[in-house]
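Okay, structure first, notes after.
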Amino acid sequence: MNCVLDGNCVKAFGKAIHALSRIGDELWLDPMVRGLALRSVNSAHSAYACFLFSPLFFQQYNLGSVSEQGNETIKCKLIMKSVLPLFRCLTSIERNVKRCQISISAPCDRVMIQFFCRHGITKTHNVRFQESEPLQAVFASHLCPNVLKTPPRLLGDMVMHFPVSQEEITLSMTPLRVSLRNYFEGAKDQIKTMHTEITLHPEEFDYFQVGVDLDITFCLKELRGLLAFAEMHCLPVSVHCSATGRPVCFSVEDMVLEATVVLATLTDSESRGPSQPTETPVPTTPRCVYAAALPVGSCEAHSNIPQDIAAVTEIVASSVDSPIINPPALTQLLPQTVIPNEFCVPDAACPSTSTTPASTVICSLLFRALSSDEDEDDGCAAGLNVLACYSDEEETM
Amino acid sequence: MPLSTQSQADDEQYVLIASLDNARHLSNILKAITFKDHAIFTATPNGLKVTVEDSKCLQANAFIQAEIFQEYTIKEDLGFQINLTVLLDCLNIFGGSTVPGVSTALRMCYRGYGYPLTLFLEEAGVVTVCKINTQEPDEPIDFEFCSNNVTNKVILQSESLKDAFSELDMTSEVLQITMSPSQPYFRLSTFGNSGNAHYDYSKDSDMMELFRCTKTQTNKYKMSLLKPSTKALALSCKVSVRTDSRGFLSLQYLVRNDDGQICFVEYYCCPNEEVEED
């Protein structure tokens, strides 16, 4: 793979890496025909981000020749700490970098990132990577009953009112209004901190569709990176969500790039229940785990997926060629780090109608490395660990 | 000014008297070489030289010419060893604030062998007298770096190197410097945990003021030894990088102070044992 970005685009690329660094410690680089995807997931597998740069974003974009069968390009996993410093100072990049070349050549285990700067200076970095299955989350945007499209900066301006230390916020939607408020774990926190709630009228949005009343609580810190990116490019942000406990997807796009952040949301008895009566994962503990719904995997998607699966998620086309999977086979193709087995349960029935234990587990945890389908208490406990992880991955500029 | 009211008689006993209206002209330069506590102070009619060494492999020298001082009287060449950290603390005794128009005046006096170095510091009418003990000076290492042996020399504007040095991968044990009459001309390389990095400066770069490389040389230097030179780089406007036939490195920094006067700081560094040719 070999691509060249011109000066202006390097800053955007760097900003994307900044946003991804807020999610996880590793960066997946996936060169595909439809563009270069940069992805990251947090260790708890409750937040995922993907920035896809189309070939038009680049001055040059070559995938190289097909060498082995079915394996045209190398998918790599880089350590965020190795890559972020190269793009740390965006103002200096803007000032000095005329061109950036990124290439991966098959025999070696390094990604070469080369900056051609002013004054005849060239900076070349050869960063080690591990070959890896691509990371990809699955999210059925088109199935979400609630869709918002905010004008540029609106979300950024809203979240600005929350302190930087605010971990989670709750987004409430009804057909009459949308509000954001901070979320507190326990009673004692409520006394000590300042409550902030911002309410917006539907007219503030470029697109407003609220099919179901809902409250979703998600981690704000992980979203800030995307919001900063959207602000830099003056892009509207789309929000797709379906129910409390289901993941929420924030996305931006323009002609040459699309960025998505998918966050798990709390299935919390404290938040107002979802209006879909069938959709009640009864938590066994008052504060339950983040609901996940994104099977992460390298699966090929076709639109003729059985409807009940489609009702739950849509498998997004990935770069790895794999046969069409029937739900039971899903688990077999999963990379070691992904998808709890029970995700395939929906094959039998919609999660909303399945028995409580199964649905609780299905709703728990995005793409965790350890699937504890045996014991839902374990699931919840592990989920509680999930909540503790958030503050760990902060990268400060 | 109180400092100048000392009687002639007092002054007779001093072997060295050096005065500065702004002590920062001295303290800033000294900061560029303060990576060890002790320094060797040498004074000649030409001016002061302060030397700091590290593990016999690195030597840093700061030169403050006589012309920089408002008053510079010396009776004989002299040398002593002194605690540089203490000296800097004294020079900054008034807090080192950067309020414009307010500066610390300095009068440095030395009576000779065995006597402490006396500093009279004054700011806004307040005078402080500091006496710092001196020791027998060690012989500074002679790196035997002479101009005749220089194989490669470049002079760069510090601006361009400052970026590179601030981005250097500190997980790399060595900094490798390649100088060559052909590509890559002048290259700084690091080999760290996440991979390697190369900073190339073309000979045609407008940051390159002088490019005189006769043969391709690649030398590795311990990163820990060269890291302190970043302070000197930060103060300087130009830097000359020279290597000799043995691979010894000389870095010379041109430092301009607030009044536009020029001082020099230089670093000499031994190459790592195994010298690789690229």
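The values are calculated or read from the model by the stated rules, or taken from the named source; none is laboratory data. Small disclaimer: the values here were computed from a predicted structure and weren't measured. Glycine gets a Cβ as well: all are built from the backbone with ideal geometry, and neighbour counts include every protein chain shown. Remember, those area values only see protein heavy atoms, side chains included, never the ligands or the DNA or RNA. Shrake-Rupley method; radii C 1.70, N 1.55, O 1.52, S 1.80 Å.
Some values worked out for this structure:
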item: Cβ-defined net charge surrounding B:Ala164, 12 Å radius [Lys, Arg +1; Asp, Glu -1]; result: -2
item: Acute angle (nearest 10 degrees) that the helix B:158-167 long axis makes with the longest principal axis of chain B, alpha-carbon atoms; result: 70
item: Gyration tensor over alpha-carbon atoms, the range B:1-148, equivalent ellipsoid semi-axes in Å; result: 26, 18, 14
item: Solvent-accessible area buried by A and B, counting both chains, probe 1.4 angstrom, square angstrom; result: 1300
item: Chain B - Cys residues lacking any other Cys C-beta under 4.7 Å; result: B:Cys109, B:Cys146, B:Cys213, B:Cys237, B:Cys263, B:Cys269
item: Two-decimal log10 I(q)/I(0) for chain B, as the Debye equation yields it once each C-alpha is a single scatterer, q = 0.15 Å⁻¹; result: -1.09
item: Average partner coverage of B:163-170, which counts Cβ from other chains inside 10 Å; result: 3
item: Carbon + sulfur, % of accessible area of chain B - ligands and nucleic acids excluded, 1.4 Å; result: 48
item: Cα centroid separation, the range B:69-107 to the range A:157-176 (Å); result: 56
item: Heavy atoms of A:Leu86: accessible area, 1.4 Å probe, square angstrom to 10; result: 30
item: Where the range B:150-269 is the region considered: accessible area per residue in Å², 1.4 Å probe; result: 38
item: Reduction of at least 20 Å² in accessible surface, 1.4 Å probe, comparing all protein chains with the chain by itself, residues of the range A:74-93; result: A:Ser82
item: 5 angstrom amide H check on B:Asn46, placed H, neighbours 5+ away; result: none
item: Interface residues in the range A:103-151 - accessible area drops by 30 Å² or more relative to the isolated chain, probe 1.4 Å; result: A:His119, A:Gly120, A:Ile121, A:Thr122, A:Lys123, A:Thr124, A:His125, A:Asn126, A:Arg128
item: ³J(HN,Hα) computed for each position of the range B:79-85 - Karplus, 6.51 cos²θ - 1.76 cosθ + 1.60, integer Hz, glycine/proline x; result: x, 7, 10, 8, 7, 5, 4
item: Relative contact order (%) - the range B:149-278, alpha-carbon pairs under 8 angstrom, separation at least six; result: 28
item: Averaged over B:196-208, number of beta-carbon atoms from partner chains that fall within 10 Å; result: 5
item: Rg and Dmax [Cα atoms of the range B:114-186; Å; Rg one decimal, Dmax integer]; result: 21.9, 60
item: Whole-Hz ³J(HN,Hα) from phi, Karplus 6.51 cos²θ - 1.76 cosθ + 1.60, for the range B:241-249, glycine and proline x; result: 10, 10, 10, 9, 4, 8, x, 5, 10
item: Relative contact order [Cα under 8 Å, 6+ residues apart], the range B:8-135, whole percent; result: 30
item: Largest to smallest principal axis extent of the C-alpha atoms in the range B:150-269, angstrom; result: 43, 31, 26
item: Count of Lys pairs (Cα-Cα under 22 Å; at least 8 positions apart or interchain) in the range B:150-269; result: 20
item: Solvent-accessible surface (1.4 angstrom probe) belonging to A:Phe205, in square angstrom, nearest 10; result: 20
item: By accessible area with a 1.4 Å probe, ligands and nucleic acids excluded, highest first: order of A:His233, A:His142, B:His198, A:His201; result: A:His142, A:His201, A:His233, B:His198
item: Equivalent ellipsoid, the range A:1-143 (semi-axes from 5 times Cα gyration tensor eigenvalues, Å); result: 23, 19, 15
item: Exposure ranking of B:Tyr113, A:Tyr48 by accessible area [1.4 Å probe, largest first]; result: B:Tyr113, A:Tyr48
item: Rounded to the nearest 10 Å², the accessible area of B:Arg212 at probe 1.4 Å; result: 140
